[in-house]
Amino acid sequence: MRSAEMLDCKRLEPGSLIDVETSSRHYQIECLGGSRIRISGHPRFCPTPVVAQLEGSVTSEGTIEDGIIERGMRLVVLFEDHIPVTTSKVLHVQWDRIN
């Protein structure tokens, strides 16, 4: 897997895998295309992989950088029942393509 400071998930090919470590959790994400993802790692919302929408990273001004996962920022994921979840700060991001 490759380390990254920032990833634009909308530019990754479907099947790309992302490993995100935050201050409190460890998420595994599979890109499905665009901002659609399959994610696991949260004991309540995704203890096993579920399809969700990656909203992006929250800036210091409170806006969302669409489709971006960036170290040092919080990540927002929208689950199927339209529940937005904001993670703790992202510590590490790694990614790889399946081919």
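Rule-based calculations on the coordinates, nothing more; no lab input. Note that the coordinates shown come from a computational prediction; the quantities given were computed from them, not determined experimentally. With ideal geometry, Cβ positions are generated from the backbone for all residues, glycine too; neighbour counts draw on all protein chains shown.
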- How high is the relative contact order of the chain, given as a whole-number percent (alpha carbon pairs under 8 Å, six or more residues apart)? 32
- Place +1 on the Cβ of every Lys and Arg and -1 on the Cβ of every Asp and Glu in the chain, take the dipole about the Cα centre, and give the residue among 73, 84, 24 whose Cα lies farthest towards its positive end. 24
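Could you size up the charge dipole of the chain around its Cα centre, putting +1 on the beta carbon of Lys and Arg and -1 on that of Asp and Glu, and report it in debye to the nearest 20?
Numbers: 11 positive and 14 negative charges, 41 e Å.
Roughly 200 debye, rounded to the nearest 20.
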- Query: Within the chain, what's the longest stretch lacking GluC sites (Glu not before Pro) that sit in DSSP loops with no more than 11 other Cβ atoms inside 10 Å?
  - Reply: 6-60
- Query: Measuring from a point 7 Å past the Cα of residue 81 along Cα-to-C-beta, which residues in segment 27-66 have an amide N at less than 15 Å?
  - Reply: 43-48, 50-52
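Send over the Kirkwood Rh of the chain, from the inverse of the averaged 1/r over different Cα pairs, rounded to one decimal Å. Write down the numbers at each step before the final one.
Numbers: mean 1/r = 0.0769 Å⁻¹.
Kirkwood radius, the chain: 13.0 Å.
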